[in-house]
Structure formats: structure tokens, C-alpha cells
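First comes the structure, then the notes that go with it.
Since every read-out is calculated from the coordinates, none of them should be taken as a lab result. Keep in mind it's a predicted model, so treat the numbers as computed, not measured. Quick reminder, even Gly has a Cβ in these numbers, built from the backbone with ideal geometry, and neighbours come from all protein chains shown.
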Amino acid sequence: MLRSVYLKTVRDRWVGALVGVVALFLVAWMGIAAFAGMGDDATAFIEAMPPAYLSLTGISAEAGVVGMMLGNMFNFMGPFVIAGIGVSMAAAAIAGEEADGTMEILGTMPRSRTRLTVSKVTAAVTVVAASALTASVSYALAAVMSGEDVAGVNLAAATVHLVVVAVFFVAFAVMLGAITGNRGLASGATVGLIVVSFLVSGMAPLVPGWDWLAKWSPWYWLQGPQPMANGIDAGPLAVLLVLAVVMVAVAAWGVNRRDLSAGHGRVSMLDKLRRDPRVGRWVTRIAGSGSTRSVTAKAFSDIRPLILIGGAFVAFQSVVVGVLYNAIGADITGLVDSMPDAILAMVGFADMSTAEGFYFAEVLSIVAPLVVAVVAINAGAALAKEEKRRTVAILATAPVTRTQIAASKATTMVLGSVLVGFLVAAGLALGNAVAGLGMDWVKVAASGLMVAGLGVFIGAVALVIAAATGRSQWAVAGAGGLTALWWGINSFVPVNPDYADWARISPFYYYGHDNPLEVGADWSGLAVLMGAAAVLVACGLAAYRARDLRG
Amino acid sequence: MTASPSIEVDRLTKRYGDFTAVDDVSFEIHPGEIFGFLGPNGAGKSTTIRAILDLIRPTAGACRVLGLDSRTDAVEIHRRTGFLPADLALWPNLTGKQTLQYLANLRGGVDWGFVDELTQRLDADLSKKVGEYSSGNRQKIGIIQAFMHMPEVLILDEPITGLDPLVQLEFHTLLRETAQAGRTVFLSSHTISEVERVADKVAFIRRGHLIAVEQMSDLQDKALRRITLEFAAPVAPEAFRGVEGVHEVSVEGATVTAQYEGSMAPLLSVATRHDVVSVASASVDLDEIFLEFYRDEVAAAGGDPSREPDTSSPVA
């Protein structure tokens, strides 16, 4: 597997991709098993649904419970996971070798920069296609294991649509990474594009007269043409592929016209912006000047850009959702009534006819947990990043104890979660005021508090992995994977009342099994999250004290 | 020298915004030469090397390797060149052996028997993951990958970093063998003794300006020595000024330090007019020779020609 750049890149990533596929299989299996356990109730439920709705979601009546669950796997979880794997490979394609300093060797091999770029892109596309294919086969297996079958669902067509949309995002990330040489910028901007295109594709059709906008979102082409029912829609896929090829060509042009970075001592995009006289003052104000007063202050200034960008995004979305709710008004009740459980499960069975329910579905069930998880996981994993960067040798020989170092990172993680919670509450409050929705202010604040509590728990998981292993990638992948799995468990297992109690193993249960906008803070749930987080942090501190430091 | 140069740097300039890392630098290196490229940290050594290898693009000027243009023929140049970067980074999840296999596969035509020989001579351990190596062991992998395809040109940036003295000796033997076989070595270093030991030609770069390029043999003829004289009572420095061969005199209490070239006799005859308690003599470092003989050039480059500590700037 070391015969070429292409093979080595596949070799480095296939295990990570396999973990993602296994997680998808587990979620699909749990969902299908939960629905299948409902027996005739489920079938009757589907048969009673309006044909227009089945058509809209690409579910064919014969496909039954399997079709409902697979709709979710192909239109929501699958694309996030598979495009996410591809984007992380694509962003690292050129920019990652530069950041790691290995481009100094790779760049002086007898390979042109164009050839290197193409090898890396081909590897990312291979991993994306293989992951999508394996995941699809595993869904069929999950159905068979639950005593169902996949007749009536065009798995192949859905897989092709998923791969093409993921390849589009891969090409976008490669383009940014190759032009800028900045891996963080490439992956951050592409994940931003994925989330925005997901929201546009899901929300634009809800607003009368704005459904055309959805077609401009790459995400729309996952479910818009209903490939599971209608087969491959070649036209739009060809357009996406041509755009992807153009972006890869732009990537090759971009990487050929600039200096390659040597990794060490490189200037971050943030520092470049700081030096720019036109925007420097504002960038410094937003990002902070990189405080070095204490370990906590330094750690906090490291994650502050993430908090502000993620928090601002979710706050902005909260305001938009308030206005959107007013715009849709009464139309929503009829639409929601016809939605199947698999879709409603994802948004916590929110009653979307009320402002509180609509907000829960649109902000609190997915986007706010995602943002707080990203911030908290990064803050927790930062403990091991000191070892990856080899800065720990300096830090740990300064007159501070290891407990102080780990506790500082834990404090930063808690602060980050609380700040995201505050920004969520602020966004909800602003949306409430602008749209005049009349939601209870105390309950708005309580929602922010619950978001913070969830973040603290997830961050503690990342911290304990980082503290015990000294490997920041393991902390990010482990805590991220567990978060996705817990989200899946809480969303899909309770669909079947017989299994409902299993949701209690998920922190998402304690975060939002009752909508905090309707019932206020769930103090017992919050206590469970904080108590578990405290235990995890204590274990992390002990593990960090006990082991040899890496680097 | 009749053969066409292996490396030709022609009026190379590289700017990063307002900062000029390399300013109008030109030199040539010929086949069979070991070329020492000396300068303090941040002088522009690595920037010059990275431009030669097309990792970065010149703001002005051009570089040619083996008669090929560094921009348009980069792939062919890379095929025929071995490179060891400063601050070497490798893939931490590969073992030493896997790293060499990977790079050998990308290059093609590597004789594995020669890799084994290099491994043995440098006493390298190829069995562990790169992430677990000490910096010295990692550096050995870097040296092997630069030499393993027997390139016509070797470009080595601070190669002895982290190597123990015995391995350094073996490495220098390897450099001499390479040059004797008619191949070219470009050795960038801030370690004077290393360059003195192996180089045929030396260039001195400071703050992006090339101060001078000299044959090592010419430099050794100019060799300055330093003498430290301890007297029973303080002696005025004026006593030594103007004495034949004496360059610089400094006095600290009853101790006089002077730099001189040529015979020590005129200096000693002045000294023995006073009550001499002890005499100590040592050779002067290469960079001090440069600073002494190229005062005007160093001053023009913005440095203090008398004595200047190393400066750090963003680009090395």
C-alpha cells in the first residue's frame, strides 16, 4: 500500500472510514429493528400516509419501515458522515502535507504538483465511493437481520446520488486547500457549505414561493429527484460532476501558482488578516490577541474563534427561524401531521405547530448540539494537542502541576460550552423578540443552559480520551463518533415504545427528552449530565497525572 | 572550472510582503564540489534552497539545476536530486523502513542493497514508527532517503542536526565519497566546524545578502589567529596598533586579545617589552574571518561588522 501517493492516502484513511460505516450500520440497524418491532402497527401507519408525502420523501409504500429508515440514512446521516470523511481527506490533500511539514519531502519527489493533487483527490473519491457502497450493503444486511427486506427501494440509485453529492463537496474542499494551503480554512468552509446547503434544501421548500432556492443547494440532489423510488436522475448529477471536475482543475491551477509552506512557522490565515490594516482591528477584536496570561487564558483564546463563528451561526439561524415561523404560519400543521415517525424522531417529535416546537425542531434538536459538540470536543481534545505539537515538554516543565494543566483545559471546555449556550439563548431571545412569538424568557434561558450542559458532558468525554491517550485525533474521533451514536440512539430507539427506555443511555435524552422551551430547565437531567461530566473529568485528571507524556 | 555548473543561482530575490528574505543572490556550484552555505539563523539559507527546488517561487531571478530551469523542469530536477530539509518532518504512522519504501516507490530505480549499506554505515534503526524516533534517528532516515537513489546533486539543509559525533564523521566521509564520484553537494549549515571540515567552496549569507563566495583553500590562507596575552600590569592597546599583521586589539584589565595573520613575531616582540605572564593562541572561526575581511559588505547588508549576535526572522 506504499507503492504510490494514491495508495498511501487510501491506506491512511480506510480504518477511519470503516468506523464511520460501522456507525451508520448501527444507527440503521437500531432504527429498522425498532420500527420492525412495531409489526402491523407500522405497516398500517405507512399505508395511512398521504401518497403525496410518500412521493415527496422518496419512500415507496412497498418499501415500508425499511424505506422510511433508509430515507433518513441517505438524506441525512449518511451524507454527513460520508461527505465528512471525504472532506477531511480533501482538505488535508495538499494543505495537510504542508501543515505537517512532509511536503518538504513529498514536494521534492519526481511528481508534479498537479499529479500529487490528482492522486490525493482520486484517493478521497475512492474512499467516499467505497464507504457509500459498503454502507448501502450494510443497510440491506440490517434490514435482513431485522426480518425485513429492501425490495422496492432502489439502493443503487440512492448510493450513486450520495456519492456524487459527496464528491462535489470533496472537490470544493480540495480547491480551497490547494489555493490557500490552509487545511483549517478548507475543512471549516466546506463543512459550513454542507450545513448551509442542508438547511437551504430542507427549509426553502417550506416557504411558499421559495422552493426554487432549494435546487441551488447540492444537498437537494440527494432526495429531491427521489432516487430510491425513481432511480438515477442523470442530468443534475452530470452537472454536479462537471462542477467538481472544474473545481479540481482550479485546485491544480491554484497549487501550481503559489509557494508551498514548510509547515513550521507558517502564518495562519488569522494572523494574515490581523496584519491587514483594513480588517486587522476587527479581526483582533473578534479572535482575541492570543492571551498568554495563564494556561486557561491561552487555551480559551485558542478556541475563541470557533466559539464565536459557531455561536454566531446558530444565533443567526435562531433569528431566521423566528421570522420563518411567522412566514409559514398555519401551513405547517398540515405538513407536519403527515410526516412519518422516522423524520419526526430526528427532531425529537417536536410539535412544530407551536413556536416552541418549531424552534426545538429547527435549532435545538440538531444544529445547537452540533455547534456545542464541535466547540467542547475541540476544547477537550486540546489537552492532547499539546503533546502532538510537542509543546507539552515546555508546558509541563514550567512550575505548574499536571493537574493544573488538565484542569485548565477542562475549565476552558466548560467556559466554551457555557458561551455557546449563552449565544443560543441570545439568538432564541432575539428571534422571539423580532418575530413577536411570545415565548417565555425564562424557558429561553433554560434552553441555553441545557445546551451548555450537553456540551460540558461531550467535552468531558473528549477530555478523558485526550488525557488517557495523549492523542488528539482519538479524542476528536472518539467523542465525535459517540456523540453521533448517542444522537442516533436517542432519536430512533424510542420510536418503538418497547425499547424506549434504552434512550436513557444517551446524554441527548437528559438534554432534551422534554422540550426546554416548553417545560423549562430539566434540573434532574442537567444534574445527570454535570455529575457524569464531573466523574469523567476527575478520571481524566487522574489518568493525565499517571501516564508518561508523549512527544 | 570548465564543466557547466550543477547549480546556478542567478540574481535570486524572494520577498514576503515588505520583508526581503533573499536579495539579489548569485552563485554557481560545479560537479564534484562540496559547497558550504554558511549564515546565521534567518539569513536566507533555506529560502534559497526552497527556491532552487521549486517549493517556493522567486520574486525575481532564476535557478538552474543540471542545466534545467527550476520552474519548468522541476520534476526532472527532483528525479536527479536528493534533498534533506531543515527541521525534517516525516509521516509518524510509518516505520523507518516503510518511509524509505514509500519514497523509493515514488522515485523508482532505488537499489535496496545501497539502502542497506547506508543504514549500516549510519547505524540507523528502521524498525520503529517514525513518531517514536529520537530526532537523531529521524535525521538518519532523512539522510538515507536523500542519498538512496544516488542523485547527481545533493542538497542538504542543516544535515548533522541531532547526530552524534561518530555518525557525523561517517556522514562527512559519505559526503567526500559523493564529491569524489563527481557528484555535487550543497551543504547549508550554521555550524562552522562542519563546513570547514568538508567544504571545497564556501559562501557566506547574511540578512539575505550574499557576502562572499571563496575557495576554502584561499580562506585558509587568510586564516586569522587569535592571541590572548596576560600581563603583570595593564597595557595600553595603542602599543599593539599598527603592528604588522595585527587586525583587532581589545583590552580588559591586564589581558590583551588581538587577531593577527601571518607571523606572530612582530606581535611578540612588542608584547615582550612588557611583563608577559601567559600566552594563549587559537584559530579564529570562519564567520569571524568573513566579518573581518568583508566588513564593508556586511555593513552594507545592514549588520554590525564588529560582532553581531544571531538574529531570528520569520524565514530561515
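Descriptive notes on the structure:
- All conditions in (1) surrounded by 20 or more Cβ atoms within 10 Å (Cβ to Cβ); (2) touching a Leu at 6+ places or on another chain (Cβ under 7 Å); (3) touching a residue at least 60 places away in the same chain (Cβ under 8 Å) hold for B:Thr99, with the sole exception of (3).
- Within the range B:150-251, strands (runs of 3 or more DSSP E) holding 1 or more residues that are under 30 Å from B:Glu8 (Cβ atoms), touching a residue at least 24 places away in the same chain (Cβ under 8 Å) and of a type outside the set (Gly, Ala, Ser): B:153-157, B:184-189, B:201-206, B:209-215
- Filter result for A:Ala124 (surrounded by 24 or more Cβ atoms within 10 Å (Cβ to Cβ), more than 14 Å from every other protein chain (Cβ to nearest Cβ) and closer than 15 Å to A:Arg13 by Cβ): yes
- Hey, A:Ala99 out of contact with any His (no Cβ under 6 Å at 6 or more places or on another chain), more than 30 Å from B:Val110 (Cα to Cα) and touching a residue at least 40 places away in the same chain (Cβ under 8 Å) or not: no
- If the condition is being among the β-branched types (Val, Ile, Thr), over 21 Å from B:Ala51 (Cβ atoms) and surrounded by 14 or more Cβ atoms within 10 Å (Cβ to Cβ), then the range A:240-263 contributes A:Val248, A:Val250.
- Taken over the range A:389-433, the residue count meeting the criterion of being within 23 Å of A:Thr469 (Cα to Cα) and of a type in the set (A, V, I, L, M, F, W, C) is 13.
- Filter result for B:Val25 (away from chain A (no Cβ under 14 Å), in contact (Cβ under 8 Å) with a residue 24 or more places away in the chain, out of contact with any Leu (no Cβ under 7 Å at 6 or more places or on another chain) and not hydroxyl-bearing (Ser, Thr, Tyr)): no
Rundown of residues vs (1) crowded, with 24+ Cβ neighbours inside 10 Å; (2) not in a loop (DSSP other than H, G, I, E, B), yes/no style:
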residue	(1), (2)
B:Val9	yes, yes
B:Asp23	no, yes
B:Ser26	no, yes
B:Phe35	yes, yes
B:Pro40	no, no
B:Asp54	yes, no
B:Arg57	no, no
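- Looking only at residues of the range B:252-280 that are touching a residue at least 40 places away in the same chain (Cβ under 8 Å) and more than 23 Å from B:Phe290 (Cα to Cα), we find that the one that is nearest to the chain's Cα centre (by Cα) is B:Val279.
- Restricting B:Asp218, B:Asp157, B:Asp200, B:Asp125 to residues that are in contact with a helix residue (DSSP H, G or I) (Cβ under 7 Å, 6 or more places away or on another chain) and farther than 15 Å from B:Phe37 by Cβ narrows the list to B:Asp125.
- Subset of the range B:55-110 that is on the phi > 0 side of the Ramachandran plot and within 25 Å of the chain's Cα centre (by Cα) - its residue that is farthest from the other protein chains (Cβ to nearest Cβ): B:Gly67
- Residues located in the range A:104-147, provided they are at positive phi and either touching a strand residue (DSSP E or B) at 6+ places or on another chain (Cβ under 6 Å) or part of a helix (DSSP H, G or I) (or both): none
- Which listed residue is touching a Pro at 6+ places or on another chain (Cβ under 7 Å), touching a residue at least 40 places away in the same chain (Cβ under 8 Å) and not polar (S, T, N, Q), from B:Arg64, B:Arg107, B:Arg79, B:Arg121: B:Arg107
- Members of the range B:113-127 found to be surrounded by fewer than 18 Cβ atoms within 10 Å (Cβ to Cβ) and either of a type in the set (Asp, Glu) or within 14 Å of chain A (Cβ to nearest Cβ) (or both), listed by number: B:Asp116, B:Glu117, B:Asp123, B:Asp125
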